[in-house]
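Step one of this worksheet: look at the structure below.
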Amino acid sequence: MRRGPSRADTLKDMRILVIDDEPDVLMLCRVNFELAGHEVLVAGSGERGLELARHERPDVVVLDVMLPARDGFEILGDLAAEDRTREVPVILLTAKTQAKDRRAGWRAGCTEFMTKPFAPVELVEAACRVHSMSPQERSEHRRQALAHFGN
């Protein structure tokens, strides 16, 4: 059985789940996370991503917003509602760039919000950063992001 990483392990050996319906984005994320020494799980739909999150217990989830059937906000809500996945940091990675979209992501419970196109190195750094945060630090980070929008 795979042990959970300690805070000292945050820069290596993470298990990262990427949920996106664009094969090119999945491949770009996989290659860059693997080059950084991480295990990568990929899902082309929100439902498949939920299934993997429940059974594989990733350290970080990278989640697209615009998915077929159910959008990333709904998937994020499901992850936050389940005991097994509630504390997993989620990075929303999306082409949606308007302030209302960012606000919706932070309100839904994301730990970080990044827009496409993105720099793969910055995504890897963001994954390491959010993984190293305690649940309290993630909550405070989200509160500060929402305060930026006057919420």
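Relative contact order of the chain: what whole-number percent is it, with Cα pairs under 8 angstrom and at least 6 residues apart?
Details: 240 pairs, mean separation 30.6, N = 151.
Over the chain, the number comes to 20 percent.
Using the count of nearby Cβ atoms within 10 Å as a rough guide to exposure, how do Val61, Val130 rank from fewest to most? Before the final figure, lay out the partial values.
On the way: Val61 29, Val130 23.
Least crowded to most crowded, the residues run Val130, Val61.
For Glu51, what charge total do you get from the other residues with a beta carbon under 14 Å from its beta carbon, if Lys and Arg give +1 and Asp and Glu give -1?
Working: positive: Arg48, Arg54, Arg57, Arg70, Arg84; negative: Glu47, Glu56, Asp78, Glu82.
That sum, taken over residues with Cβ under 14 Å, equals +1.
State whether the stretch 91-151 is rounded, prolate or oblate according to the following rule on the C-alpha gyration tensor (a ≥ b ≥ c being the square roots of its eigenvalues): a/c under 1.5 gives rounded; otherwise a/b larger than b/c gives prolate, and the remaining case gives oblate. Before the final figure, lay out each step's value.
Values: a/c = 2.42, a/b = 1.05, b/c = 2.30.
Taking the square roots of the gyration eigenvalues as a ≥ b ≥ c, the stretch 91-151 is oblate.
Once you have the Cα-Cα distance between Arg70 and Ala147, take 0.36 nm times their residue separation minus that, and quote the gain in nm to one decimal.
Numbers: separation 77, 0.36 × 77 = 27.72 nm, distance 2.76 nm.
Between Arg70 and Ala147, full extension yields an extra 25.0 nm.
Relative to the present Cα-Cα distance, how much length would full extension add between Glu34 and Glu122 at 0.36 nm per residue of separation? Provide the component values of the computation, followed by the final result.
On the way: separation 88, 0.36 × 88 = 31.68 nm, distance 1.44 nm.
Stretched fully, the Glu34-Glu122 segment lengthens by 30.2 nm.
If each of Ala95 and His55 carries a label point 7 Å out from its Cα toward its Cβ, how far apart are those two points in nm?
Between Ala95 and His55, the simple spin-label model gives 3.0 nm.
Given only helices, namely DSSP H runs of n ≥ 4 each adding -39500 (n - 2.57), what is the per-residue ellipticity at 222 nm of the chain, to the nearest 500 deg cm²/dmol? Intermediate results must be reported in sequence, preceding the final value.
Numbers: 6 runs with 71 residues, N = 151.
Theoretical 222 nm ellipticity from helices: -14500 deg cm²/dmol.
Quick one, which of (1) 8.2; (2) 17.5; (3) 13.1 is the actual mean projected area of the Cα convex hull in nm² calculated for this model?
Matching entry in (1) 8.2; (2) 17.5; (3) 13.1: (1).
About the Cα centre of the chain, how large is the charge dipole given +1 on each Lys and Arg Cβ and -1 on each Asp and Glu Cβ? Please answer in debye to the nearest 20. Could the numbers behind the result be given before it?
Details: 22 positive and 25 negative charges, 95 e Å.
The dipole magnitude comes to about 460 debye.
At Glu47 and Thr115, where each label point lies 7 Å from the Cα along Cα→Cβ, what is the point-to-point distance in nanometres?
The modelled label-to-label distance comes out at 3.2 nm.
Between Pro23, His131, Gly46, whose Cα lies farthest towards the positive end of the dipole of the chain when Lys and Arg beta carbons carry +1 and Asp and Glu beta carbons carry -1, centred on the Cα centre?
His131
For the stretch 13-24, in order, what is each residue's ³J(HN,Hα) by Karplus, 6.51 cos²θ - 1.76 cosθ + 1.60 with θ = phi - 60°, in whole Hz (x at glycine and Pro)?
After applying 6.51 cos²θ - 1.76 cosθ + 1.60, I find 6, 7, 9, 10, 9, 10, 10, 7, 8, 9, x, 5 Hz.
Give the long-range amide H neighbours of Val18: residues separated by 5 or more places, or on another chain, with amide H under 5 Å away, using H modelled in the peptide plane at 1.01 Å from N.
Here Leu41, Val42, Ala43, Val62 satisfy the definition.
No lab work stands behind these numbers, since they all come straight from the coordinates. Remember, it's a predicted structure, so these values are computed and weren't measured experimentally. As a convention, Cβ positions derive from the backbone with ideal geometry for all residues, glycine included, and neighbour counts pool all protein chains shown.
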